[in-house]
Amino acid sequence: RQALANNSTKNMQAIAMACNNYELTFGDLPTNSFDANGRPLLSWRVHILPYIEQDALYKKFKLNEPWDSPNNRALIKEMPKIYAIDG
């Protein structure tokens with residue numbers, strides 16, 4: 001149980017650092033993205049992938065398509081462990 005807590009803490013610290021680095025790059029914290037009609041596309045978690053050493057995965061996403069498009073949905077299986085509850 002302690003190992004799970006330590007791992008979760010490390011994951012949260014890495015996510016916080018990624019958000020900070022994103023903010024330093026773009027001048028704002030990461031947010032979800034939407035199309036021109038306000039329909040949701042991708043989560044902020046996708047946008048920080050390059051900041052958690054997942055640039056190759058980030059480049060596979062179609063940023064102008066919703067998360068559940070055929071291309072993006074296929075990437076769910078590649079979710080980084082940092083986002084898993086038991087990471």
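Overview of values
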{"item": "Max mean-square fluctuation residue, GNM over the chain, Cα-Cα springs under 10 Å, options Ser43, Ser33, Ser69", "result": "Ser69"}
{"item": "Within straight-line cross-link reach of Lys81, aspartates and glutamates at Cα separation under 13 Å, skipping those fewer than 8 residues along the same chain", "result": "Glu53"}
{"item": "Rg [Å, one decimal], Dmax [Å, integer] - the chain, C-alpha atoms", "result": "13.9, 45"}
{"item": "Linear extension gain, Lys59 paired with Thr31, 0.36 nm per residue minus alpha-carbon span", "result": "8.3 nm"}
{"item": "The chain, relative contact order [Cα under 8 Å, separation at least 6], %", "result": "27"}
{"item": "All lysines inside 16 Å of Lys59 as judged from Cα atoms, apart from same-chain residues fewer than 8 positions distant", "result": "Lys77"}
{"item": "Length added when fully stretched, Met12-Leu24, from 0.36 nm per residue minus Cα-Cα", "result": "2.5 nm"}
{"item": "Loop trypsin sites (Lys or Arg not before Pro), the chain, which have at most 10 other Cβ atoms in a 10 Å radius of their Cβ (DSSP)", "result": "Arg1"}
{"item": "Among Phe61, Phe34, Phe26: highest mean-square fluctuation, GNM of the chain, C-alpha pairs under 10 Å", "result": "Phe26"}
{"item": "Rounded to 10°, Cα long-axis angle of helix 2-26 versus longest principal axis of the chain", "result": "40"}
{"item": "About the Cα centre, charge dipole magnitude for the chain (Lys/Arg +1, Asp/Glu -1 at Cβ), debye", "result": "280"}
{"item": "Estimated dipole of the stretch 47-87 in Debye, rounded to 20 [Cβ of Lys and Arg +1, of Asp and Glu -1, Cα centre]", "result": "120"}
{"item": "Accessible surface of Tyr51 - all protein chains present, 1.4 Å probe, nearest 10 Å²", "result": "70"}
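The values are calculated or read from the model by the stated rules, or taken from the named source; none is laboratory data. The structure displayed is predicted, hence computed values, not measured ones. Here the Cβ is made from the backbone with ideal geometry for all residues, glycine too, and neighbour counts use every protein chain on show. In case anyone asks, the SASA skips ligands and DNA or RNA and just uses the protein heavy atoms, side chains included. Shrake-Rupley method; radii C 1.70, N 1.55, O 1.52, S 1.80 Å.
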